[in-house]
Amino acid sequence: MLSLAHAKAKRFRRKNITLSIMDAQKMTFRSNSFDMVVAASVISAVEDPTATMKEMIRVTKKGGKIAVITNVRNRESLKSQIIKRFDPLTKKFLGFRTDIDSDFFQKFKDIRMIEKENVNNLFGFPLSSFILFEKI
């Protein structure tokens, strides 16, 4: 993916694009560095989603935005209970988790949700959610 990103960045012919590989749970960026952080399919793919979310909050400036696309389940729904049973298999063979509850993000007191939309629908069932936060 990084080589594809490098090729795409070259096509933009911009000097201010930097691509790096690092651990999302221990980023080397300074605190309050970014106006916006985007994490598409990251939270459901990392070993420690809480640590990753804390890092994204840390590197985002106050008033900055954090955009997340991830699998979010409503633990009350029957569909979500069924999907959660597949979590060990999806983690092992597909590399993503299905156990992120809809209230997972509520424990982070220095962000507030400003938008949430179900995306990537399959047969009327949303596979992921787009969630936009603001750092407060």
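Overview of results
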| item | result |
| --- | --- |
| Low-density loop positions, trypsin sites (Lys or Arg not before Pro), the stretch 12-79 - DSSP coil, at most 16 other Cβ in 10 Å | R13, R14, K15, K26, R30, R75 |
| DSSP loop GluC sites (Glu not before Pro) with at most 15 other Cβ within 10 Å excluded, longest remaining stretch of the chain | 77-136 |
| At R0 = 35 Å, FRET efficiency that the Cβ-Cβ distance of L89 and D35 yields, to 0.05 | 0.35 |
| Equivalent ellipsoid, the chain (semi-axes from 5 times Cα gyration tensor eigenvalues, Å) | 27, 19, 14 |
| Length-normalised contact order for the chain - Cα pairs under 8 Å, 6+ apart - percent | 23 percent |
| Most fluctuating residue given options T98, T18, T52, as computed from a GNM of the chain linking Cα atoms under 10 Å | T18 |
| Unsatisfied cross-links (Cα-Cα over 21 Å) in the set K26/K61; K15/K61; K26/K116 | K15/K61; K26/K116 |
| Rounded percent of accessible protein surface that carbon and sulfur make up, the chain, 1.4 Å probe | 55 percent |
| Of the DSSP H helices in the chain, those whose Cα atoms cover at least 20 Å axially and whose Kyte score averages 1.0 or more | none |
| Computed [θ] at 222 nm, deg cm²/dmol, the chain (DSSP H ≥ 4; -39,500 (n - 2.57); rounded to nearest 500) | -6500 deg cm²/dmol |
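The values are calculated or read from the model by the stated rules, or taken from the named source; none is laboratory data. Since the structure is predicted, the reported quantities are computational estimates derived from the model, not experimental observations. Neighbour counts are summed over all protein chains in view; Cβ atoms, including those assigned to glycine, are modelled from backbone coordinates with ideal geometry. Just the protein is used for accessible areas: all its heavy atoms, side chains included, with ligands, DNA and RNA removed. Shrake-Rupley method; radii C 1.70, N 1.55, O 1.52, S 1.80 Å.
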